[in-house]
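The values are calculated or read from the model by the stated rules, or taken from the named source; none is laboratory data. Computed from a predicted structure; not experimentally measured. Every residue, glycine as well, gets a Cβ built from its backbone with ideal geometry; the counts of neighbours run over all protein chains shown. The accessibility values were calculated without ligands, DNA or RNA, using every heavy atom of the protein model including side chains. Shrake-Rupley method; radii C 1.70, N 1.55, O 1.52, S 1.80 Å.
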Amino acid sequence: MNYAFCGKSGLQLPKISLGLWHNFGYVDDYEEAKRMILHAFEQGVTHIDIANNYGPPPGSAESNFGKILKENLVSHRDEMIISSKAGYLMWNGPYGDGGSRKYLMASIDQSLKRTGLEYFDIFYSHRYDSNTPIEETMQALVDIVRQGKALYVGLSNYPPDKARLAMNYLNEQRVPSLIYQGKYSMFNRQPEEEILSVTKEYGSGFIAFSPLAQGVLTDKYLNGIPEQSRAADPAGFLRREQVRPELVEKVKELNNIAQQRGQTMAEMAVAWTLRDERVTSVIVGTRNVKQLQDNLNSLNNLDFTPEELTLIDNILGGATL
């Protein structure tokens, strides 16, 4: 495993981290979830990323992870970076969503209880909440660190201008933002426009999620939509109509480059996301150990020639998903 320092901090993160957004809830195969977590750790993936509402149902990914940790990895706790978040809808009523101090404080207590942890290594404000003053949300993060419930704090899904305000406040309180988590892939290059320059300016790391664009940047959809895929799931985040023919054609061309590099399409997509030195780590979400190992194999070839990068840019042509 390759590791990188997170921004200007002394904390190192693995170049590939494991996210529990999908496939780790009560509705999923617990034994496969356990195999993925244990395999990841054995391969040097020391960072596990969760959120309060991951499941389904909400909270179940944290509960399952807590059980797996207690039964298999508790003696390795100090070798792991475990992060969680709060910001999206978690429970009904006015206090289970957003960025209020009430919600964040209640949420971290619940998350610690579900996971069985004494503290999180990183705790995020999961999204910007326009109904709550940034100062209130950031002060809650500051107090969470000072209370010993988290070692570091981070931001996720904040617009660049709001991230700058938040990082300013955190710096003034001497609890700087360790890391920013944002969606980044060949089909979502928006972070290159602003947020990566903001994180570099403030000495914050950047960790990318959805590097495979919900599986579109793999060989999964090259010949149609498989029955067991995310696009085939009517309750999933990836809709069938999003897998547009023009995107599939681009992925076919990209897949040819991947094969010439001796990689699968998924391996090249993860490697491409890591090509920018401002990207500390990439969070991968996988359905089984085979998919996980495919993602990890991307580390075998992280280098791109200028010609390859130009060709990839020409194929993408600004396409978005």
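Positive-end ranking of ASN64, PHE187, TYR202 along the dipole of the chain, with charges on Cβ about the Cα centre, is headed by ASN64.
Residue separation of TYR95 and GLU32 scaled by 0.36 nm, minus their Cα-Cα distance, works out to 19.3 nm of gained length.
Counting only Cβ charges, +1 for Lys and Arg and -1 for Asp and Glu, the dipole size of the chain around its Cα centre is about 520 debye.
Our coupling estimate for the range 147-159, obtained by passing each phi through the Karplus curve with A = 6.51, B = -1.76, C = 1.60 and θ = phi - 60°, is 7, x, 8, 8, 8, 9, 10, x, 10, 9, 6, 8, x Hz, Gly and Pro reported as x. Under 22 Å of direct C-alpha separation, and excluding same-chain neighbours fewer than eight residues apart, LYS34 reaches these lysines: LYS15, LYS67, LYS70, LYS85, LYS113, LYS290. Within the chain, the proportion of Cα pairs with more than 33 Å between them is 22 percent.
A 1.4 Å probe run over the range 33-170, with the rest of the protein chains in place, finds 40 Å² accessible per residue. Here the calculated FRET efficiency for ASN314 and ARG244, from their Cβ-Cβ distance with R0 = 22 Å, stands at 0.70, rounded to the nearest 0.05.
Taking all Cα pairs closer than 8 Å and separated by 6 or more residues, the relative contact order of the chain comes to 17 percent.
At an R0 of 35 angstrom, the distance between the Cβ atoms of HIS76 and ARG164 translates into a FRET efficiency of 0.45. The amide H of TYR152, built 1.01 Å from its N in the peptide plane, has ILE122, PHE123 as neighbours under 5 Å, considering only residues 5 or more places off or on other chains.
Each part gets one Cα centre, and for the range 237-298 versus the range 103-171 those centres are 30 Å apart. You can think of it this way: the chain between GLN190 and GLU136 has 16.7 nm of extra reach, that is 0.36 nm per residue less the Cα-Cα gap.
Given the C-alpha atoms of the range 263-321, compute the convex hull and give its volume per residue in Å³.
Output value, Cα hull per residue: 103 Å³.
Among 134-142, 212-220, sorting by the average number of other beta carbon atoms lying within 10 angstrom of each residue, highest first, gives 212-220, 134-142.
Counted residue by residue at 0.36 nm each, then reduced by the alpha carbon distance between them, the extension gain from GLN259 to ALA4 reaches 89.1 nm.
With the simple spin-label model, which puts each label point 7 Å out from Cα in the Cβ direction, the SER197 to ASP143 separation comes to 3.6 nm. Taking the protein heavy atoms of the chain in the context of the full set of protein chains, the accessible area attributed to carbon and sulfur is 48 percent at 1.4 Å. When peptides 41-51, 27-37 are ranked by their average number of other Cβ atoms within 10 Å per residue, the highest-first order is 41-51, 27-37. Rounded, prolate or oblate: which fits the range 1-129 when a ≥ b ≥ c are the square roots of the eigenvalues of the alpha-carbon gyration tensor, with rounded for a/c under 1.5 and prolate only if a/b beats b/c? Since a/c reaches 1.5 but b/c is at least a/b, the shape of the range 1-129 is classed as oblate.
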